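Okay, structure first, notes after.
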Amino acid sequence: MSNSSQNLVGSVMVVGGGIAGVQAALDLADTGFYVYIIESSEAIGGVMSALDKTFPTNDCSMCILSPKLVECGRHPNIEIITLAEVQSVAGKAGNFQVKVFQRARFIDMDKCIACGACAEKCPRKVANQYNLGLNKRKAAYVKYPQAVPLKYAIDKDHCIYFEKGKCRACEKFCPTNAVNFEDTDREITLNVGSIILAPGLQPFDPTSFDSYGYARHPNVITAMELERILSPSGPTRGKLIRPSDGGEPERIAWLQCVGSRDINHCDNGYCSAVCCTYAIKEAVVAKEHIKGSLDTAIFYIDMRTHGKDFEKYYNRAKQSGVRFIKARISIVFPVYETGNLFIRYTDGAGRRVEEEFDMIVLSVGLETSPAALRLAERLGIELDDGRFALTSPFRPVTTTRPGIFVCGAFQGPKDIPQSVMEASAAAAETATLLAPARASLVREAVEFEEVDVAGEEPRIGVFVCHCGVNIGSVVNVPAVKEYAKTLHYVEYVEENLFSCSQDTQDTMKEVIAKHKLNRIVVASCSPRTHEPLFQQTIREAGLNKYLFEMANIRDQNSWVHQAEPDAATGKAKDLVRMAVAKVGLQQPLEETKLPVTKSGLVIGGGVAGMEAALTLADQGYPVTVVEKEDVLGGHARKLLTAWTGEPIASFLEELIQRVQAHPIITMRLNSEVKEVKGFVGNFSTTVEADGIEEQIPHGVAIIAAGAHFHKPTEYCYGENDRIYLSLELDEAIRERCDAVVQANSAVFIQCVGSREPERPYCSRVCCTHSIKNALRLKEINPQMDVAILYRDIRTYGLREGLYRKARRKGVMFIRFNVDRKPQVEIVANELRITVFDLTLQRSILLKPGILTLASAITASKTESLAKLFKVPLNPEGFFLEAHMKLRPVDFATDGVYVAGLAHWPKPTEECIAQAKAAAARAARVLAKDFIAAGGAVAVVDKKICCGCQSCLGCCPFEAVSYLEQEARCEINQAVCKGCGTCGAACPSEAITLLGLSNQQIYKQIDEGLSG
Amino acid sequence: MNTKIRILLQGGRVDGFFAYKTTSGFPFPTLFTLENIQELETWRPTPARYPILKLLLAQARKNPHAAYGILVRGCEERGLRELFKYQQLEQDKVIILGQACTEGLAKYCECWKPYPDALDYGKPAPAMAKSRKVEELEEQHREARLDWWLSHFNRCIRCYGCRDVCPVCFCTECSLEHAELMLGEILPPDTSFHLVRAVHMGGRCIDCGLCEEVCPARIPLRSLYKKINRLIEEILGYNPGISKEKSPLSFLGEEMSLPSGPR
Amino acid sequence: MEEKKFEPRILAFLCNWCSYAGADLAGVSRLQYPSNIRVIRVTCSGTVSPHHILHAFQKRADGVLVAGCHIGDCHYIKGNYMTLKRLKFVEGLLDFAGYDPKRLRLEWISAAEGIKFAGVVREFTETIRHLGPAPPFDAIPLLAGNM
């Protein structure tokens, strides 16, 4: 090992605690690295936490994000440093010294129990920035109710004490003495091996657009403000009202491209890539809020719904009555009496139209914040034209400074799944760089000796918490305590001011030993936040962590029945009784460890497959690549350049060379997967090549099986050798074919086979590809007439620059309608194209030298592969990931991942990012020596099971299998996630969800109703 | 009919065949094998109904490698299909011959398909799309319906006859005997006895009506289960014994096929 | 003796990931709702079997609330599909057996919907209060004379 690798530091800094930063941190922490998250605000969560719903599934944003935030907050190898920013970086890749400046919080995070007393007593109200100033918060505040860390802070700039030198009401009322006015800003120096930048985005501020009157008219709002208004936990509690008078709007318009695709009003020439789809989402969700009567209109230049399932989302929105009008609105006029607004535009038929709306939403673009620009400067990384971190398409998450990686919207404007993919990819790059230092700085969970209490009669200890005054001021805690003593099996009861305090934890350990307690109930707050803490305590006392139960007498009792102390006390007794009854039936649960086969299998030898294989192998995990063809490289072999112009061929050559030369990558060409056995960590796959079968053991699998290009049967394709598909034109240009070089004119037809009923999706790459080729033709022959026949130009992100350039170079863009597609004829070897130009509203005849059809990307035949790995396909035949937003490369089936075109059409750089992401996710499994099985999972009692398989189809994770020999079902303990859906399907109650058995549920029902 | 059965037995296609012999003028369900093949002569078409699938199931469990033939009605054919789906019988080990029910029987059963798809004997009687008994109950006020059911449930003597005769009750251990779910040994059992069984019939009941036939307390169980079938059809678009796939209550399915729910 | 006001006994099954979190959020936001509800925390609303619901009515629950993640938000991807199918069926069954199906309520409540949770509990408690005590499941043995 070289000197440099010995100096590698096994910790990583992630700058930014939004979804990208959180994902990168989790992936790295799970792979054996210690992670610092540097968050500039009071809590992690970023922009995603403030969104109402997410497209295209309309999932609740907070619901899907919150578990990840909580996981981050709890992770033993993630340290969240809030209110902090990076000052300077010294050192080099593998060993950086980073100076971090942290602002004072004035609340001791160790003491704060988030009871909210400080905020309640604080007399100062200030605009709530989290809700974009739409409502007020106090100067003592928590960023948002589900914040992680869930700790209050004091806003120094608005605090009365800091202004006038007196008040300190918060300090007086804080039950835990957490308020500390002596707190000071500090500087911390951290030693890390690598830095991942995920500072996120800033929504464009449209104040400068005078013509929209955003600053003057209250009913002109930004899309981000609308998100907060629509959010059930937002300033209007999810009621859609207009700001001027609180009235319910009847007509709302969205104006697209505000602060995007605009170099006149601002310097954002790029497309923000997400606004079209978020506007659709907001329109649809707004319609749901105001049932039936709401008129919604989206004014756009091009509808850019290029993501997975976005086109269907767009089509559904049209069906549900959202109006889409192609027009760029330049001025918004106010109607002063009503607060309404009107706009003028030219409709499809060329008529001038004036329309009045109650509210106007500006679909503001994404841009890099000044803070992030500062960060880039301090770190010395280069930026691109759009002021995003500069990266190469072949290393999409690598900045210009070695050892510093980037992900999320700072890499370029993008949506959540793409940010998550890049986050995992950045984690993969880091893990590769620091591979020798893996596991050097992580804190391993300490194992505690467990006392065997299985056969013993329950001896239950109950701890009833006052939570300062949070519980005690409503619930009669002493009465609950006395009551608990009367319950069966209860041996010991005490009341605490704070059950979660360190001294109570110590007492708890002592009394467990002293009174030989074998089960514990804590009646306090929510198990969602505090169960892990108490479980840790009883583990330290030698008890199995499952011998624990909480009664939520605060969040779901004292806080919500403040005016009914008697009823709340009665309810607390009931909740304690239920918890005691449940824990009395609980048996210790064992978690077994299954060894992990530390190698991977990659299916597909294209760019995605090879990148994934290399990323795993460079971290030290052997990989077998299975490719059905006799060569590596896939479609990239035909592709000329990436969209930025970098040639693919040299990149591909090097990639293939690296894969072939890699000591721990095994290639299997002309091969096919025949059979897959096993599960995460322990797969055994049969691969067949030339009739010979081979068994390959592996711990993870990455499916990168690629896709096809649609061969059209329209537009005379195949009838003339001057009609090309996009990749064929690449080849013809590379070979300088006469037909191309000598052509006087060229035509491209877009959306060939895409965005049609048979394939209701956008193939994402074709607009950029055609424009790139149009520019190439212009380079070959600047006099050549080049026309692109299109429906919407979808040069998302920085690709917009190409589109602008093409227009500047004189490429003609002719828009057509899908109902009136261009007609292609060949008359005496002459290509004749008739197209109805929507802008000119008349037909045009073109006679080009060459015609290129931008044909759709279609799924390969992957049904059998999907079946073998028990993973799903979507209706179009592409692999369907576990979650469209937050698990873009995972499957519900653990240990199997997807990357590249097999997942969805996408350009090279996104394939590479996704491949690295898949490898990062896979490395989480391979980094562990064992995978834990068991715990709170479901088990089948084979004596009772009758083999009917009613449970089998109910398992979302394919954990249930049918054993032919015994004619019984069985649940794989390593795959089961403990949802219990199978148990509810079993007619004989042969299935028990450990930790929540039917008996325990019945008993809780009995006790819950016997009060 | 008996010729067909004879050919199956003599040709070695099946090891045994379930049909009816006639003894003293009464039909009697019998397992015909090469040994008692001569008794086939006494086979007569009969409207009498027996839990013949239960006999087949017991026999198949005893001899898992043997192939059996069976003469079935429409409901019994549906029952067989369910038993195949739930892996209780192997489809390729069961040869089916079918007989249509008489019009009288079809009317009595309010049967919506009184004939099997595999029809070897008899003429299909007209199907009854509706059940008058269920409709009468549906038209009543809910309170009246509750009283009506209680007046019947109150006669239950917990003999488990309904379960024991049911062709699609194949569990090793029955929820109706779970101590936590079924309270004590009080007679008559409370309503949950009937509702738990009704829940289990959801997506399974093939409407043979044997439960009601055997009930010594004459509880009109068939109306309850007919309604169950109707609910399953309305909510999940599923017909036990007809639909090819398994019951939607036994697999997750797609969002598109979900019933409408809360928002 | 003065007649005691009817206090409904309501049992709620809340999934851990969304609805229980929504209930916690209602608490954090100090949204007040009636205290009649007793919550059983389940991993997924798909854990709740018709047996559990029937058992609750057998044990004299006046109302049963089952709440889970919205369709598409399920932590277990599709567990709540089963909840929806089962609950619709049990609702129909209860109705036919003479029990008001309004006593069984299914709701999708997300982790962000504290307000919705409090609202549902308020409304449901009111509905049950209005319906009065649930008819018991207990059988009434028939006297010989009634036969």
With angles folded into 0 to 90 degrees, how steeply does helix B:191-201 sit against the dominant principal axis of chain B? Use alpha carbons for both and round to 10.
50
Could you give the DSSP H helices of chain C that reach 24 angstrom or more along their long axis (alpha carbon positions) and whose average Kyte-Doolittle hydropathy is no lower than -1.0?
C:79-97, C:114-131
Extension reserve of the A:Asn720-A:Lys166 stretch, reckoned as 0.36 nm per residue once the Cα distance is removed
190.8 nm
Which trypsin sites (Lys or Arg not before Pro) in the range A:310-406 pass both tests, a DSSP loop state and at most 10 other beta-carbon atoms within 10 Å?
A:Arg351
Cysteines without a disulfide-compatible partner in chain B, using Cβ under 4.7 Å as the rule?
B:Cys101, B:Cys156, B:Cys159, B:Cys171, B:Cys174, B:Cys205, B:Cys215
How much FRET efficiency would the formula 1/(1 + (r/R0)^6) give for A:Glu693 and A:Asn874, where r is the Cβ-Cβ distance and R0 is 30 Å, rounded to 0.05?
0.45
Sort the protein assembly as shown into rounded, prolate or oblate with this rule: let a ≥ b ≥ c be the square roots of the eigenvalues of the Cα gyration tensor; rounded if a/c is under 1.5, and if a/c is not under 1.5, prolate when a/b is larger than b/c, oblate otherwise.
oblate
Length added when fully stretched, A:Lys514-A:Ala371, from 0.36 nm per residue minus Cα-Cα
45.9 nm
Starting from the 7 Å offset along Cα-to-Cβ, what nm value, one decimal, do you get for the label separation of A:Lys136 and B:Ser24?
9.6
Per the charge dipole of chain A (beta-carbon charges, Lys/Arg positive, Asp/Glu negative, Cα centre), the residue among A:Met610, A:Cys174, A:Ala882 reaching farthest to the positive end is A:Cys174
State whether the range B:2-109 is rounded, prolate or oblate according to the following rule on the C-alpha gyration tensor (a ≥ b ≥ c being the square roots of its eigenvalues): a/c under 1.5 gives rounded; otherwise a/b larger than b/c gives prolate, and the remaining case gives oblate.
oblate
Relative to the longest principal axis of chain A, what angle (0 to 90°, nearest 10) does the C-alpha long axis of helix A:998-1009 take?
60
Simple spin-label estimate for A:Gln742/C:Glu123, 7 Å along Cα→Cβ, in nm, reads 7.5
So, relative contact order of chain B in percent, Cα under 8 Å, 6 or more apart, is 15
Just how large is the dipole of the range A:286-341 about the Cα centre, in debye to the nearest 20, putting +1 at every Lys and Arg Cβ and -1 at every Asp and Glu Cβ?
260
In nm, the gap between the two label points placed 7 Å beyond Cα toward Cβ at B:Arg263 and B:Lys107 is 5.0
Rounded to 10°, Cα long-axis angle of helix A:61-74 versus longest principal axis of chain A
60
Of A:Gly645, A:Cys976, A:Gly321, which is farthest along the charge dipole of the protein assembly as shown in the positive direction, counting Lys and Arg as +1 and Asp and Glu as -1 at C-beta?
A:Gly321
What residue among B:Ser131, B:Ser250, B:Ser175 shows peak mean-square fluctuation when chain B is described by a Gaussian network model with Cα springs under 10 Å?
B:Ser250
Once you charge only the Cβ atoms, +1 for Lys and Arg and -1 for Asp and Glu, what is the size of the charge dipole of chain B about its Cα centre, to the nearest 20 debye?
480
Proxy exposure order for B:Arg49, B:Arg218 (fewest C-beta within 10 Å first) is B:Arg218, B:Arg49
Pairs beyond 18 Å (Cα-Cα), from A:Lys138/A:Lys164; C:Lys59/C:Lys85; A:Lys136/A:Lys166; A:Lys485/A:Lys516:
C:Lys59/C:Lys85; A:Lys136/A:Lys166
Determine the calculated [θ] at 222 nm for the protein assembly as shown from helices alone, applying -39500 (n - 2.57) to every DSSP H run no shorter than 4 residues and normalising by the residue count; nearest 500 deg cm²/dmol.
-9000 deg cm²/dmol
Yeah, the range A:126-229 with a ≥ b ≥ c from its alpha-carbon gyration tensor (a/c under 1.5 is rounded, else prolate when a/b outruns b/c, oblate otherwise) is oblate
For A:Glu591 and A:Glu672, FRET efficiency with R0 = 35 Å and r from the beta-carbon atoms, rounded to 0.05?
0.40
Placing +1 at every Lys and Arg Cβ and -1 at every Asp and Glu Cβ, with all other atoms neutral, what dipole size does the protein assembly as shown have around its Cα centre, in debye to the nearest 20?
1820
Could you work out how far the C-alpha centroid of the range B:126-169 sits from that of the range A:398-444, in angstrom?
64
For the protein assembly as shown, the charge dipole (Cβ of Lys, Arg +1; Cβ of Asp, Glu -1; about the Cα centre) points to a positive end, and the Cα of C:Leu84, A:Val626, A:Ala899 closest to that extreme belongs to C:Leu84
Expressed in angstrom and rounded, the centroid-to-centroid distance over alpha carbons for the range A:788-856 and the range C:9-64 is 59
Taking r as the C-beta separation of B:Leu183 and A:Glu482 and R0 as 30 Å, the FRET efficiency to the nearest 0.05 is 0.45
Using a 10 Å cut-off around each Cβ, can you sort A:Ser320, A:Ser988, A:Ser950 from fewest to most neighbouring Cβ atoms?
A:Ser320, A:Ser988, A:Ser950
Order of A:Cys762, A:Cys945 - criterion: other Cβ atoms within 10 Å of each residue's Cβ, fewest first:
A:Cys945, A:Cys762
Stretchable slack from B:Ala58 to B:Lys123, in nm (0.36 nm times residue separation minus alpha-carbon distance):
20.4 nm
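A short reminder: the numbers here are calculations on the coordinates, not readings from a lab. Keep in mind it's a predicted model, so treat the numbers as computed, not measured. With ideal geometry, Cβ positions are generated from the backbone for all residues, glycine too; neighbour counts draw on all protein chains shown.
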